[in-house]
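Peer 1: Structure below; questions to follow.
The values are calculated or read from the model by the stated rules, or taken from the named source; none is laboratory data. Nothing here was measured: the structure is a model prediction, and the numbers come from that model. Here the Cβ positions follow ideal geometry from the backbone for every residue, glycine too, while neighbour counts run over all protein chains shown.
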Amino acid sequence: MRHLTRIQDLGPEGVEKILAQAAAWKRQAPGPIFQNRLLGMVFFNPSLRTRTSFEAVMLRSGGHAIVLDVGNGVWKLEDRVGAVMNADRAEHIKEAAPVLSRFADMLGVRAFSQGGGDEEDEQDSVINSFRKHVTVPLVSMESAREHPCQGLADALTLRENFGSTKKLPVTLTWAPHIKPLPKAVPNSFLLTAAAAGCEVRVAHPPGFELHPKVRAEAEAYAKATGGSVTYTHDQEEALEGSRAVYAKAWGPATRAGHAPGDVAALLASYSGWMPTRRSMSLAAKDAIFLHCLPVRRNVEVSDEVLDHPSSRVVDTAENRFHVQRSILQWILST
Amino acid sequence: MRHLTRIQDLGPEGVEKILAQAAAWKRQAPGPIFQNRLLGMVFFNPSLRTRTSFEAVMLRSGGHAIVLDVGNGVWKLEDRVGAVMNADRAEHIKEAAPVLSRFADMLGVRAFSQGGGDEEDEQDSVINSFRKHVTVPLVSMESAREHPCQGLADALTLRENFGSTKKLPVTLTWAPHIKPLPKAVPNSFLLTAAAAGCEVRVAHPPGFELHPKVRAEAEAYAKATGGSVTYTHDQEEALEGSRAVYAKAWGPATRAGHAPGDVAALLASYSGWMPTRRSMSLAAKDAIFLHCLPVRRNVEVSDEVLDHPSSRVVDTAENRFHVQRSILQWILST
Amino acid sequence: MRHLTRIQDLGPEGVEKILAQAAAWKRQAPGPIFQNRLLGMVFFNPSLRTRTSFEAVMLRSGGHAIVLDVGNGVWKLEDRVGAVMNADRAEHIKEAAPVLSRFADMLGVRAFSQGGGDEEDEQDSVINSFRKHVTVPLVSMESAREHPCQGLADALTLRENFGSTKKLPVTLTWAPHIKPLPKAVPNSFLLTAAAAGCEVRVAHPPGFELHPKVRAEAEAYAKATGGSVTYTHDQEEALEGSRAVYAKAWGPATRAGHAPGDVAALLASYSGWMPTRRSMSLAAKDAIFLHCLPVRRNVEVSDEVLDHPSSRVVDTAENRFHVQRSILQWILST
């Protein structure tokens, strides 16, 4: 049985297959490939694009989706093994996952970082608890460590704009925010772009390092595909000549052990990292701008960048539909 | 591309077309006219009838609907141009509207008055921000200024009960409530009834005037259709001989500049405006009673009026289905 | 018009029919029996299994479901006759039930006990208000007094495991919890097992008696089917030789008039009632374990019981789907 909760489930070869299938089906829709298929979607966190695009994929392919919001009309769910469940979580994933597997043909789960730090995120306990206890294929709709559907949509946009991603210089730049955000999206862009053979440049202020295991995994993909990954604290250097600029806020590396007040001050001290047209002017003339959305305008990215013709944020959101159709078909195949 | 967010999008001629189509399809259902069509519904406010009737329209016509509750499983949305988004609204309509347009064939938005007063309601910024940024047809599911689907359902009920609405004497009467409610429903009844040629009498206590632009628009429709609009502070006078009594609570005209405590006292001072069977006895013998629902029994309208055979509140709710099927077909046509 | 909101709507004969149909259709699915059918689901309380299984039933049978969460995107609903609606409930069931009946072919309602005590639960005012005002068939998705879909799913599991339920010794045992839970599930297991001819043993601490009317109804079913019902305060005695152990927490009989603090102390004082493998060892060698879910692990039931091969909690959850398909077909007939 196939699951897709991390890029590692695909590897560079699987990434190629998903992207090729998604591109082909974007040109010509495959018809009712999910006829009589039911996707159960379990959200621990909010969503606009993810739930709409997954539901649209199912409905436009002859199938259906059921949407559940944990803690909002649905019992809160426990993931800890051996827990004495005497607090607010009324049901364990040990029951919820196999029960939902009896009603749906496949399940999707969204479970963001719970804010316990990078090591906890690396464990990714909620999605992994589902992975252990489901009896049908599982897809991640973003978990603590990764957001593979987003990474694949980003890569599809790169392919569409530049034909090939082989050695394509792309920059993932940290961006400011009012609070420390999870690292699933930057992790996934990094992993997918490396798996797609890009020359990936990651720029962030000191103290915002991605997890060593994520970086090692990206390095391995780059080695396999002829791509590369480099890191810098100098945003301008990273942008120079880049064909795509991916901006995303994320929180500091928790190994640094900041107090909450320090984090706010830290984030504020780097407000100059917000991409503007001036930043974009350092990139290649035909550079495109990417962001996963939602984006806080004039905090994380300036209006002028988002409203510029070089922005591909809406096209990339649409690509979520196309890669997800391809992903669901893949997890349903044996 | 067609949108329907205000009666002005239709004008008296368009109102006739929607009503005729709705009546015809109520007699004989048109079959799967929305096959492979997807309606995306975005709610900033609660709903019972609206979301159920729109979903039912789509499902019973071969299509599907996706329902999103803003701030409840979906990011809160910003509508202000140029906003520095450092508060609780994580996504801008500038992104949300075009993104949802990529997944759905048409969008519906419900965005009530935000309570900033009549001038702000007249701007209707949320629905108009969607209108500006969608790339598919848009339908209002009630906004600050209007609730056109309700107005059209009301008019359909009038037609069904009296054959013609030409010069039909109908009364829109203010009714009491525990809080100042938005004016979208009274505005829409007034505009639609005027566009349908009724002799509309509006009764409300002093200080509860509808917006001058809404009144001017109603006046223009009445002139075009041979109808009329009159205003009075005397409920009994307005009811006399009326064939339909439409009761609805709404807040005071904000130009009067009441303090919140004054408003509560003001509303309480007019509790005698609650329609009873005695009020109905002043109307014509065959007069019907209308309300958009939800209604607070024994505050806004008495049990005896709602439970009387002359009440058409449930029939009118059903007519939401019929006019909306007609409306969606209209916005999808070019 | 048929409704199913209590086992009394079926009686022992109807229970047999539902179970036989469910078992037959579990072996061979009946195809699109709900084509063009729309189920409206109204939830006053959370749900995982119920909403997913009902939605799955409709979608897998060619139909559709609309899900409404009262007080969460949908107006709060009033059920009291003659209420002056000046508080937080904006709409009366007198309107909501007939209006929803215009849009859907059948309605489902979940409305748990409101905590006002056993007599109030016996009145079951919310579900009965819907029952009075709907104009289409109504199914209970659990109300204050009963959860008939659960009772029928439990009985189907018993049949599947033991062929016949005639004189089958089964134990319903009270279990500990952090708060006093409603009695709908134990009531329904008792009523359905008695209607299916089981030898039902009910074990609970003193002061946790089920309502006399429920017990009398169970007694009448047992008399009609050759089954029996006995009560004890001795859990071990009740378990001895039992073929099925059904554990469920419920609150004290409110006739005892406990203060809230007393209830917490009372519940805590019986923590030894939590089923363990030692408890199960008292039952028959082939005994199965049942629970309706959600279950609080290591509070209500120990991990070792839930994770043991004799547990049928997931199978029973699946049976919700099968009995509900049969129930909906039954209420739609005639």
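Peer 1: Quick one: what pairs do we get from the stretch B:288-308, first residue assigned by TED's automatic domain parsing to the domain that holds B:Val245, second at pLDDT below 95, C-beta under 6 Å, 6+ apart or different chains?
Peer 2: B:Pro294/C:Trp75
Peer 1: Same structure again: Is it the case that some residue within the stretch A:278-292 is in contact with a Lys or Arg (Cβ under 8 Å, 6 or more places away or on another chain) and among the polar types (S, T, N, Q)?
Peer 2: For the stretch A:278-292, residues in contact with a Lys or Arg (Cβ under 8 Å, 6 or more places away or on another chain) and among the polar types (S, T, N, Q): absent.
Peer 1: Given the condition within 9 Å of chain C (Cβ to nearest Cβ) and surrounded by fewer than 23 Cβ atoms within 10 Å (Cβ to Cβ), answer yes or no: does some residue in the stretch A:23-39 qualify?
Peer 2: Checked the stretch A:23-39: at least one residue is within 9 Å of chain C (Cβ to nearest Cβ) and surrounded by fewer than 23 Cβ atoms within 10 Å (Cβ to Cβ).
Peer 1: Does the stretch B:202-213 contain any residue that is of a type outside the set (Val, Ile, Thr) and without any contact (Cβ under 8 Å) to a residue 24 or more places away in the chain?
Peer 2: yes
Peer 1: For the stretch A:46-69, how many residues are within 8 Å of another protein chain (Cβ to nearest Cβ) and among the hydroxyl-bearing types (Ser, Thr, Tyr)?
Peer 2: Within the stretch A:46-69, residues that are within 8 Å of another protein chain (Cβ to nearest Cβ) and among the hydroxyl-bearing types (Ser, Thr, Tyr) number 3.
Peer 1: Would you mind listing the helices (runs of 4 or more DSSP H) fully within the stretch C:226-315 where at least 3 residues are exposed (fewer than 15 other Cβ atoms within 10 Å of the Cβ) and either away from chain A (no Cβ under 14 Å) or touching a Gly at 6+ places or on another chain (Cβ under 8 Å) (or both)?
Peer 2: In the stretch C:226-315, the matching helices (runs of 4 or more DSSP H) lie at C:260-269, C:277-282.
Peer 1: Among the numbered criteria (1) crowded, with 24+ Cβ neighbours inside 10 Å; (2) in contact with a Pro (Cβ under 9 Å, 6 or more places away or on another chain), which single criterion is violated by C:Val42?
Peer 2: (2)
Peer 1: To continue, here is another question. If we scan the stretch C:36-45, do we find a residue that is part of a loop (DSSP other than H, G, I, E, B) and more than 23 Å from A:Phe103 (Cα to Cα)?
Peer 2: No, the stretch C:36-45 contains no residue that is part of a loop (DSSP other than H, G, I, E, B) and more than 23 Å from A:Phe103 (Cα to Cα).
Peer 1: Out of the residues in the stretch A:70-103 that are buried (at least 23 other Cβ atoms within 10 Å of the Cβ) and acidic (Asp, Glu), state the one that is farthest from the other protein chains (Cβ to nearest Cβ).
Peer 2: Top of the filtered list is A:Glu78.
Peer 1: Condition test on A:Phe43, is it within 14 Å of chain C (Cβ to nearest Cβ), touching a Gly at 6+ places or on another chain (Cβ under 9 Å) and of a type in the set (Phe, Trp, Tyr)?
Peer 2: yes
Here's the yes/no breakdown for (1) crowded, with 21+ Cβ neighbours inside 10 Å; (2) polar (S, T, N, Q); (3) at pLDDT 95 or above; (4) farther than 30 Å from B:Leu38 by Cβ:
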| residue | (1), (2), (3), (4) |
| --- | --- |
| B:Glu122 | no, no, yes, yes |
| B:Ala144 | yes, no, yes, no |
| B:Gly151 | yes, no, yes, no |
| B:Asn161 | no, yes, yes, yes |
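Peer 1: Based on what the data block shows, is B:Met141 facing another protein chain (nearest Cβ under 8 Å) and either more than 23 Å from B:Lys183 (Cα to Cα) or of a type in the set (A, V, I, L, M) (or both)?
Peer 2: no
Peer 1: Take B:Ser188 and decide whether it is within 17 Å of B:His204 (Cβ to Cβ) and touching a Pro at 6+ places or on another chain (Cβ under 8 Å).
Peer 2: Yes, satisfied.
Peer 1: A follow-up question, please. Go through the stretch C:17-30 and give me each residue that's touching a residue at least 24 places away in the same chain (Cβ under 8 Å) and either over 18 Å from C:Met141 (Cβ atoms) or outside any helix (DSSP H, G or I) (or both).
Peer 2: C:Lys17, C:Leu19, C:Gln21, C:Ala23, C:Trp25, C:Lys26, C:Ala29, C:Pro30
Peer 1: Test B:Gln324 against the stated conditions and say whether it is within 14 Å of chain C (Cβ to nearest Cβ) and either touching a residue at least 12 places away in the same chain (Cβ under 8 Å) or part of a loop (DSSP other than H, G, I, E, B) (or both).
Peer 2: yes
Peer 1: If you take the residues in the stretch A:168-202 that are in a strand (DSSP E or B) and within 20 Å of A:Thr254 (Cβ to Cβ), which one is nearest to the chain's Cα centre (by Cα)?
Peer 2: Among them, the one singled out is A:Leu172.
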